[in-house]
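Visitor: Sending over a structure as structure tokens; questions will come in a sec.
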Amino acid sequence: MNESIAQENVAMMAEYIGLEKFKAIYVVDLCHSLCEVAKKKAKAKGWKNVHVVEGDACTFQPPAGDATLVTFSYSLSSKWVQ
């Protein structure tokens, strides 16, 4: 099972910035299995402010309605490329 690219962004960000400086970090992905992996990793790392949301990042709105920082990656598997 591949790890969520968005979750890997959080891990990389943690190397440079303390995640505790953020009120909330959202990992948004359409893929249920990748969300499950991301949830397990966040729990294992003790990232209490990392929230995994199964959904479309294009329509996701954080509960507070605004964000300090937005980062994303886009991945398309070869089976979707025509």
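The values are calculated or read from the model by the stated rules, or taken from the named source; none is laboratory data. Predicted model only: the values in this text are computed from it and were never measured. Glycine gets a Cβ as well: all are built from the backbone with ideal geometry, and neighbour counts include every protein chain shown. Keep in mind that these areas ignore ligands, DNA and RNA; they rest on the heavy atoms of the full protein, side chains included. Shrake-Rupley method; radii C 1.70, N 1.55, O 1.52, S 1.80 Å.
Visitor: Between a residue in segment 36-59 that is part of a helix (DSSP H, G or I) and any residue that is open to solvent by less than 60 Å² (accessible area, probe 1.4 Å) and among the small types (G, A, S), which pairs come within a Cβ distance under 9 Å, given they are 6 or more apart or on different chains?
Guide: So the pair list comes out as V37/S4; A38/S4; A38/A6; K41/S4; K41/A11; K45/A11; K45/A14.
Visitor: Next up: Starting from residues that are charged (D, E, K, R) and at pLDDT 85 or above, keep the ones in segment 3-34 and report whichever is surrounded by the fewest Cβ atoms within 10 Å (Cβ to Cβ).
Guide: E15
Visitor: Here are some residues: A44, A64. Which one is at pLDDT below 85, open to solvent by 70 Å² or more (accessible area, probe 1.4 Å) and either polar (S, T, N, Q) or over 13 Å from the mean Cα position of the chain (by Cα) (or both)?
Guide: After ruling out the rest, the residue left standing is A64.
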